[in-house]
Structures are given as structure tokens and as C-alpha cells.
1. Tell me which residues, restricted to the range 153-197, are among the basic types (Lys, Arg) and either in contact (Cβ under 8 Å) with a residue 24 or more places away in the chain or closer than 23 Å to His75 by Cβ (or both).
2. Is there a residue in the range 137-152 that is touching a residue at least 24 places away in the same chain (Cβ under 8 Å), polar (S, T, N, Q) and farther than 16 Å from Leu189 by Cα?
3. Scan the range 57-66 and tell me whether some residue there is in contact (Cβ under 8 Å) with a residue 24 or more places away in the chain, among the polar types (S, T, N, Q) and either surrounded by 10 or more Cβ atoms within 10 Å (Cβ to Cβ) or in contact with a strand residue (DSSP E or B) (Cβ under 7 Å, 6 or more places away or on another chain) (or both).
4. Quick one: how many residues across the range 1-27 are assigned to a loop (DSSP other than H, G, I, E, B), within 19 Å of Tyr72 (Cα to Cα) and either open to solvent by 60 Å² or more (accessible area, probe 1.4 Å) or charged (D, E, K, R) (or both)?
5. Return the pair list, or none, for Cβ contacts closer than 8 Å from residues in the range 71-97 that are in a loop (DSSP other than H, G, I, E, B) to residues that are surrounded by fewer than 16 Cβ atoms within 10 Å (Cβ to Cβ) and among the β-branched types (Val, Ile, Thr), at least 6 apart or on different chains.
6. In this structure, is Ile124 open to solvent by less than 70 Å² (accessible area, probe 1.4 Å), at pLDDT below 90 and outside any loop (DSSP other than H, G, I, E, B)?
7. Restricting attention to the range 28-55, report how many residues are of a type in the set (Ser, Thr, Tyr) and open to solvent by 50 Å² or more (accessible area, probe 1.4 Å).
Amino acid sequence: SGSFFVNIGASPSNPMLPHELVCRWREFFVLQNTIHWIKAIALDDQATGQPIARGHFKPINSPRFLNDCHEYIFHFTREGRTPIDRLALGVPYQHKSNIARWRHTGGSDLRCRGNTWFIPYKTILSREKQRPHPATFPMALAENCLRLHGLTNDLAMLDPFLGIGNSAIAAQKCGVQNFLGFEIDEIYLAEAKRRLE
């Protein structure tokens, strides 16, 4: 009944890596959901028609490739039938007539957020001082995964790649009592411990 969330991005040198990972793990798990973590997006302002950019990304300096503004979060389960709490990340209906129109709402002004999550990085001035790990993700990303799986009293969480502890802090914020993390880099582990205190 557990969930296994894997956050992975691609690169111009290996654009198929996320998909190859999914194919390799099909022997052991079922891919139940694919979530797109949007780190940066540009939209046209409805009032002015001018583009507005939101979020942050690592620019790719190339005449051939686009900047990569998203990563995948693959939600694996053992059988593909693990219930999730779809409304834990719910958003209000834009058109309130949908509340009465759709039977599944039960009169609630909350709908499933879907599989596209815009979660920007917090702006930092110094990676060495503020985010000393090259592959961090926002704590909100781990919080979303926890809430989506469902926050039960017996929930346990394992992070085999702890880094500087963002997943541990997310678990702490969500009230998860049983957390276990692995990290081979002693500097990252010390930073994770410091941040958890």
C-alpha cells in the first residue's frame, strides 16, 4: 500500500534517462502517476498580452536545446491500485457552476490539482551558503508527495538520497513520525542534521 516517488530530470546529453528509468523499474513496480514539476513557466498576461515569466531554472547555453524548465516525479506502487488523497492538494473551481454540475464534488469547492505542479525554487544569492547541494528540490515538492499519498498516523518515509534534508524537513512539517534517510556525503548529512534541529 506504499508509494514510491522518484524525482528525476533529463539533460540534453541524456534526454531519455527518465523514461529509461521507468522502463527498467516496470519489473518491480507499476507506474501509477506521472507528475510534471514545473520549475519555471512563461505565460501571457491576460490583461496586457505581454509574457510574464515565473520561477527559476538552470539555463542551457546552446543553440540547439531549449532551457529545461521541468522535471518528472514518477509515482510508483506495487500493484497500481494504491488509493491517494486527490483533494489534499485540491484547488477551488474557477467556475463555481461546476460544483453543482459534477456529482463527484459532493458540493465541495475543491477539485484535483492534476499532474502538473508549478513549484518554483526559492531565490538564493549564494548556492554555497544557502543551498550547498547541486540537486535540491523545494520542500513543497516532498510535502505534496506526502499529502497526495495520504497523511496517516502510521505513515513512514524513507529517502535513500537524503542530500541536505529537504525531504526530512517536509516530513517533519507534515507530522510524519517515522523517517529514515541515507546520505553518503558527510558534509550534506551534517547540513541535513543542522537544518532539522
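1. Those that are among the basic types (Lys, Arg) and either in contact (Cβ under 8 Å) with a residue 24 or more places away in the chain or closer than 23 Å to His75 by Cβ (or both): Lys173, Lys193, Arg195.
2. In the first step, residues of the range 137-152 are kept if they are touching a residue at least 24 places away in the same chain (Cβ under 8 Å); the result is 137-151.
Checking the rest, the ones that are also polar (S, T, N, Q) come to 144.
Still in the list and also farther than 16 Å from Leu189 by Cα: 144.
Yes - at least one qualifying residue is present in the range 137-152.
3. No, the range 57-66 contains no residue that is in contact (Cβ under 8 Å) with a residue 24 or more places away in the chain, among the polar types (S, T, N, Q) and either surrounded by 10 or more Cβ atoms within 10 Å (Cβ to Cβ) or in contact with a strand residue (DSSP E or B) (Cβ under 7 Å, 6 or more places away or on another chain) (or both).
4. 4
5. Arg78/Val30; Glu79/Val30; Gly80/Val30; Tyr93/Thr105
6. On the way: open to solvent by less than 70 Å² (accessible area, probe 1.4 Å): yes; at pLDDT below 90: yes; outside any loop (DSSP other than H, G, I, E, B): no.
No.
7. Residues of the range 28-55 of a type in the set (Ser, Thr, Tyr): 34, 48.
Applying the additional criterion that residues be open to solvent by 50 Å² or more (accessible area, probe 1.4 Å) yields 48.
Number satisfying all stated conditions: 1.
Matching residues to (1) of a type in the set (A, V, I, L, M, F, W, C); (2) under 22 Å from the mean Cα position of the chain (by Cα):
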residue	(1), (2)
Asn7	no, yes
Trp25	yes, yes
Thr48	no, no
Phe65	yes, no
Leu89	yes, yes
Ile99	yes, no
His104	no, no
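The values are calculated or read from the model by the stated rules, or taken from the named source; none is laboratory data. In this text, all values refer to a predicted model and were calculated from it rather than measured experimentally. When we count neighbours, we look across all protein chains shown, and the Cβ atoms used for this are built from the backbone with ideal geometry, even at glycine. Accessible surface is based on the protein model in full, side chains and every heavy atom, while ligands, DNA and RNA are left aside. Shrake-Rupley method; radii C 1.70, N 1.55, O 1.52, S 1.80 Å.
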